[in-house]
1. If you scan segment 59-87, which residues turn out to be over 28 Å from residue 137 (Cα atoms) and in contact (Cβ under 8 Å) with a residue 12 or more places away in the chain?
2. Which of the numbered conditions does residue 58 fail, given that it passes all the others? Conditions: (1) among the polar types (S, T, N, Q); (2) touching a strand residue (DSSP E or B) at 6+ places or on another chain (Cβ under 6 Å); (3) closer than 17 Å to residue 123 by Cα.
3. Which one is modelled with the highest pLDDT, of the residues in segment 131-163 that are farther than 17 Å from residue 91 by Cα and assigned to a loop (DSSP other than H, G, I, E, B)?
4. Residues to consider are 28, 93, 38, 61; find the one that is over 18 Å from residue 147 (Cβ atoms), at pLDDT 60 or above and out of contact with any His (no Cβ under 6 Å at 6 or more places or on another chain).
5. Go through segment 95-125 and give me each residue that's among the hydroxyl-bearing types (Ser, Thr, Tyr) and surrounded by 21 or more Cβ atoms within 10 Å (Cβ to Cβ).
6. Any residue in segment 120-136 that is free of Cβ contacts under 8 Å to residues at least 24 places away in the same chain sitting within a Cβ distance under 7 Å of a residue that is surrounded by fewer than 24 Cβ atoms within 10 Å (Cβ to Cβ)? List the pairs, counting only those 6 or more apart or interchain.
7. How about segment 90-114: which of its residues are assigned to a strand (DSSP E or B) and under 11 Å from the mean Cα position of the chain (by Cα)?
8. If you check residue 128 against the conditions, is it part of a loop (DSSP other than H, G, I, E, B) and either modelled with pLDDT of 95 or more or surrounded by 19 or more Cβ atoms within 10 Å (Cβ to Cβ) (or both)?
Amino acid sequence: MLMAETLGLKSKGCQGFYKKHTKTIIEVILDSLKLCLVPTLAKFALLNIKWICPTAPTCPVAILGGFPRTAWFDVRELSEDSPDDFEGLDASVAHIANLLSTEPADIKLGIGDFSMGVATALYSATCFAQGKYGNEIDYPVNLRAIVGLSGWLPGSRSEISWRDAKYGQRIQ
């Protein structure tokens, strides 16, 4: 999966005692949202925050009949029983982690978006919490924040199955 362009927005004037940005947030966006979201982020007067806005790659999406469009991973159907595309998720989350890994160690790192971007951000948080991607490769960054609106957690069924097996009962 080839990743598309990435836009970066520097913080709006590090005033006061801050000499540089202290937080970096990845806003994982689809190409269709770039035209409205990036200018909105640029207008925010959020001091000391650097925004990184990578665009999802173009790939066939099964739920759209295989039509190629920007997507962080493949979605086969809208159902709790639909299998998750962990290969696509791992590739996207690795790309996002790679972008964050170039930030200085003292910078607080976060990921956010809505819809498919929330799923990607939450999967990133799962990888961070477990210390590795789904493919067992170590997760390299120290996340401090996830922000999401209207999304879902990929792999939640496998997490529930893991907890059921570990604790012998379903945790509500």
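The values are calculated or read from the model by the stated rules, or taken from the named source; none is laboratory data. These numbers come from a predicted model, not from an experiment. Neighbour counts are summed over all protein chains in view; Cβ atoms, including those assigned to glycine, are modelled from backbone coordinates with ideal geometry.
1. Selection gives 63, 78.
2. With respect to (1) among the polar types (S, T, N, Q); (2) touching a strand residue (DSSP E or B) at 6+ places or on another chain (Cβ under 6 Å); (3) closer than 17 Å to residue 123 by Cα, residue 58 is out only on (3).
3. The initial filter retains those residues of segment 131-163 that are farther than 17 Å from residue 91 by Cα, namely 142-152, 156-163.
This time we only want the ones that are assigned to a loop (DSSP other than H, G, I, E, B), so: 142, 150-152.
Numbers: 142: 95, 150: 87, 151: 88, 152: 88.
Taking the candidates together, the pick is 142.
4. On the way: 28 fails: over 18 Å from residue 147 (Cβ atoms); 93 fails: over 18 Å from residue 147 (Cβ atoms); 38 fails: over 18 Å from residue 147 (Cβ atoms).
Going through 28, 93, 38, 61 in turn, just one is over 18 Å from residue 147 (Cβ atoms), at pLDDT 60 or above and out of contact with any His (no Cβ under 6 Å at 6 or more places or on another chain): 61.
5. So in segment 95-125, the residues among the hydroxyl-bearing types (Ser, Thr, Tyr) come out as 101-102, 115, 120, 123-124.
Matches in segment 95-125: 120, 123, 124.
6. 125/143; 125/146; 128/139; 128/143; 131/138; 131/139; 132/138; 132/139
7. Scanning segment 90-114 gives 110, 111, 112, 113, 114.
8. Numbers: part of a loop (DSSP other than H, G, I, E, B): no; either modelled with pLDDT of 95 or more or surrounded by 19 or more Cβ atoms within 10 Å (Cβ to Cβ) (or both): yes.
No; evaluated as a whole, the condition is false for this residue.
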